[in-house]
1. Out of residues 5 or more away from Ser91 or on other chains, whose amide H comes under 5 Å of its own, with H placed 1.01 Å from N in the peptide plane?
2. Please list the equivalent ellipsoid semi-axes of segment 36-148, computed as the square roots of five times the alpha-carbon gyration tensor eigenvalues, in descending order and whole angstrom.
3. Which whole-Hz couplings ³J(HN,Hα) result when phi for each residue of segment 58-69 is put into the Karplus expression 6.51 cos²θ - 1.76 cosθ + 1.60, θ = phi - 60°, listed in order with x for Gly and Pro?
4. Over segment 36-148, what is the relative contact order in percent, taking alpha-carbon pairs closer than 8 angstrom and at least six residues apart?
5. Could you give the length gained on full extension between Lys36 and Asn49, defined as 0.36 nm per residue of separation minus the Cα-Cα distance, in nm?
6. Output ³J(HN,Hα) for segment 132-142: one whole-Hz value per residue in order, computed from phi by the Karplus curve 6.51 cos²θ - 1.76 cosθ + 1.60 with θ = phi - 60°, and x for Gly and Pro.
7. Grab the DSSP H runs of the chain that are 4 residues or longer, score each as -39,500 (n - 2.57), total them, divide by all residues and round the 222 nm result to the nearest 500 deg cm²/dmol.
8. From the phi of every residue in segment 126-131, what ³J(HN,Hα) in whole Hz does the Karplus formula 6.51 cos²θ - 1.76 cosθ + 1.60 yield, where θ is phi - 60° and glycine or proline is x?
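Any read-out appearing in this document is the output of simple, stated calculations on the displayed coordinates, not a laboratory observation. On a predicted model such as this, the values are computed, not experimentally measured, just so you know.
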Amino acid sequence: MKRRLFLKNTLATGAAVVAANAGLLTPTSVLADWNKAAFSAKTTDEALNGAFGSANATESGDIKLKAPAIAENGAVTPVTVDASAIDGVESIAILASKNPQPLVCQYNFGAAAEGYVSTRIKMGETMNVIAVVKAGGKLLKAQQEVKVTIGGCGG
């Protein structure tokens, strides 16, 4: 009985290897897309234009941006963006205004998702952290200054 099981498993593994080498098991679509224009931008306006097609974001009190007033280590600065009070959140982007590449991250949401993100970002010096939320075709933002005592981007 063990010999039959061994032969069966060997045959199945061999067939899978042959199919993979022949290119039959390749993915039909790629889910991740790299936005090179947005992530290689040198200014916040260029990054917003690359990410959203516009840099015109209006201040909103509905976005709750939580970041420390003083970050002891800029390499791991915790940032939370809560836009759950806004209906139809499509995307949230976090920018660090004086970083060499200001766009730190961008998250795209499905229709039923809640607009909430919590992450850690790298900051080289004291600067504004900006959260930009795209909802209903409009760009909304909130910002907060974070003082950095030990830099994380080469400082």
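1. Here Phe109, Lys134 satisfy the definition.
2. Largest first, segment 36-148 gives 21, 16, 11 Å.
3. Each residue's phi maps through the Karplus curve to give 9, 4, 9, x, 7, 8, 9, 9, 10, 8, x, 5 Hz.
4. Taking the mean separation of contacting Cα pairs over the length of segment 36-148, I get 31 percent.
5. Details: separation 13, 0.36 × 13 = 4.68 nm, distance 1.19 nm.
Length gained between Lys36 and Asn49: 3.5 nm.
6. 10, 10, 9, 9, x, x, 10, 9, 10, 9, 9
7. Working: 3 runs with 33 residues, N = 155.
Computed mean residue ellipticity for the chain: -6500 deg cm²/dmol.
8. Taking θ as phi minus 60°, the curve returns 5, 6, 8, 9, 10, 10 Hz for segment 126-131.
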